[in-house]
Every structure is written in structure tokens, then in C-alpha cells.
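Novice: Here you go, one structure.
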């Protein structure tokens, strides 16, 4: 039976140094760029092992985010526990991530305070919604007033 991994054997495969720079994993790298290791009888990503060795168990319902964006990095100072939603919004270039970074609607009104509300998971601008409603009502009023002319 192979010897159980120890923290000492783990850190021996991390190219560590200054706390401000990335500490890349020098062992096996997964196709997506994450370091991988067989740890306690199961395959794990090395950033998760590094986090648990330094900070303890990963909180339930959270994942480990690389603030440095280097997937092979094992520097605990570059790792944080976040929800999947936070991770996808802050680290993705998908539609949800791009939209979450918008501070104003397409017409320039701020997405803040009383001017914003959420409908079916989407932020809506109250000023624009009111303007559309006013235009709709004006058209209805105009068409109904033309219909009653003698």
C-alpha cells in the first residue's frame, strides 16, 4: 500500500516563495489547468488541498476561487471560499457575469437605489419602464380618442 500523503510531501511539490506571487503546482496538471493529486485515497485538485491544509475545511456549499486566476496556483493567500454564484459572476465572461458588472441601463439610468427592481432574475430600470408605459398609454389614449370623433 502506498504511503499516505502528508502536508510535507504536498508542499514539496509546490513551487512556493514570496507570498505575493503564485505558487504553482509542479506535479500533474489537469487538462483544464488545475493541479491534481491523489490525496487520502481520492483524486483532488491541489488548490483545494492547499486551502484545507492552511485554513481548514471548505465551508458547505462553497468552492475555492483563485483570486490570481492561475488555476495551478496553490498559494493560500490567493485562494478564497465563495459560492458558485459569486465564482461564476466574478470569473466568467458569460452573459450573467457581463450583466452583473453593468452599473447603468442602456439609456444611462443607474442600476441603483429606487431606480432598479428585479423581475424574474433580471434587473429592470424603473425610469425606462415608466417611459415605455407612458408611450403605450399615450398611443392607447390617442387611438381611443380618434375612435369617438363624430
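The values are calculated or read from the model by the stated rules, or taken from the named source; none is laboratory data. Quantities reported herein were computed from a predicted structural model and do not represent experimental measurements. Every residue, glycine among them, receives a Cβ derived from its backbone with ideal geometry; neighbour counts consider all protein chains shown.
Novice: Within the stretch 70-90, take every residue that is surrounded by fewer than 20 Cβ atoms within 10 Å (Cβ to Cβ) and at pLDDT 90 or above and give me the one that is farthest from residue 12 (Cα to Cα).
Specialist: Here the residue is 83.
Novice: Residues 144, 112: which one is exposed (fewer than 14 other Cβ atoms within 10 Å of the Cβ) and either modelled with pLDDT of 90 or more or in the same structural domain as residue 27 (by TED's automatic domain parsing) (or both)?
Specialist: The conditions single out 112.
Novice: For residues that are closer than 22 Å to residue 70 by Cα and surrounded by 10 or more Cβ atoms within 10 Å (Cβ to Cβ), scanning just the stretch 97-107, find the one that is modelled with the lowest pLDDT.
Specialist: Restricting attention to the stretch 97-107, the residues satisfying the condition of being closer than 22 Å to residue 70 by Cα are 97-98, 101.
Then keep just the ones that are surrounded by 10 or more Cβ atoms within 10 Å (Cβ to Cβ); that gives 97-98.
Details: 97: 73, 98: 78.
Among residues in the stretch 97-107 that are closer than 22 Å to residue 70 by Cα and surrounded by 10 or more Cβ atoms within 10 Å (Cβ to Cβ), the one modelled with the lowest pLDDT is 97.
Novice: What do you reckon, is residue 34 under 19 Å from the mean Cα position of the chain (by Cα) and surrounded by 11 or more Cβ atoms within 10 Å (Cβ to Cβ)? Give the steps one after another, and end with the answer.
Specialist: Working: under 19 Å from the mean Cα position of the chain (by Cα): yes; surrounded by 11 or more Cβ atoms within 10 Å (Cβ to Cβ): yes.
Here the answer is yes, as residue 34 does meet what is asked.
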